[in-house]
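Notes follow once the structure below has been shown.
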């Protein structure tokens, strides 16, 4: 198995006026409903532990409001945790100052927000590659970064994963061939 790329340990997120106080209530056994009703705090994440291995695909699945986006936003610190540890490449993300965090977000992480933040006038690949283009990376290098040979062991069934994710998100009709044709995909619109 490959090395752990992202490690999340004992991650908690409490929303409200005094998250640390809310954290104490949760540690003492108060559940989500009681935390909201009695203390006017919302339990966003509770004791999340997760290892994401290098060269793997991790899928976070759950009902609306279950904390999927909240969890993902903790990795790049768009949301600060109430408690817990997040490491990427064995480096504590919580230790980053403003400049290090900016560089981390520019070079090490990427996030495509839910549908409302996608650029409907752009193709699937253009949406995914926009951050790389803004950094001035050569288009051929972007192609190498974003797409891989679906036959190799790192990306088996990549086209099915993309197709299913897009279809589940309401983007029906986007199909992928066994060998991804970069030009065709580059020109495929998401609307």
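The values are calculated or read from the model by the stated rules, or taken from the named source; none is laboratory data. Owing to the predicted nature of the structure, the values given are computational and were not obtained by experimental measurement. Note: ideal-geometry Cβ built from the backbone for every residue, glycine included; neighbour counts use all protein chains shown.
For the range 40-54, the set of residues classified as assigned to a loop (DSSP other than H, G, I, E, B) and within 19 Å of residue 111 (Cβ to Cβ) consists of 54 only. Filtering the range 60-100 to residues that are assigned to a loop (DSSP other than H, G, I, E, B), out of contact with any helix residue (DSSP H, G or I) (no Cβ under 9 Å at 6 or more places or on another chain) and surrounded by fewer than 14 Cβ atoms within 10 Å (Cβ to Cβ) leaves 63, 64, 65, 66, 89, 90, 97. Kindly check whether there is at least one residue in the range 122-132 that is buried (at least 16 other Cβ atoms within 10 Å of the Cβ), at pLDDT 85 or above and either touching a helix residue (DSSP H, G or I) at 6+ places or on another chain (Cβ under 7 Å) or not in a helix (DSSP H, G or I) (or both). No, the conditions are met nowhere in the range 122-132. Take residue 103 and tell me if it is in contact (Cβ under 8 Å) with a residue 12 or more places away in the chain and out of contact with any helix residue (DSSP H, G or I) (no Cβ under 8 Å at 6 or more places or on another chain). Considered against the rule, which asks whether it is in contact (Cβ under 8 Å) with a residue 12 or more places away in the chain and out of contact with any helix residue (DSSP H, G or I) (no Cβ under 8 Å at 6 or more places or on another chain), residue 103 comes out as no. Across the range 1-30, the number of residues qualifying as part of a loop (DSSP other than H, G, I, E, B) and closer than 19 Å to residue 73 by Cβ comes to 1.
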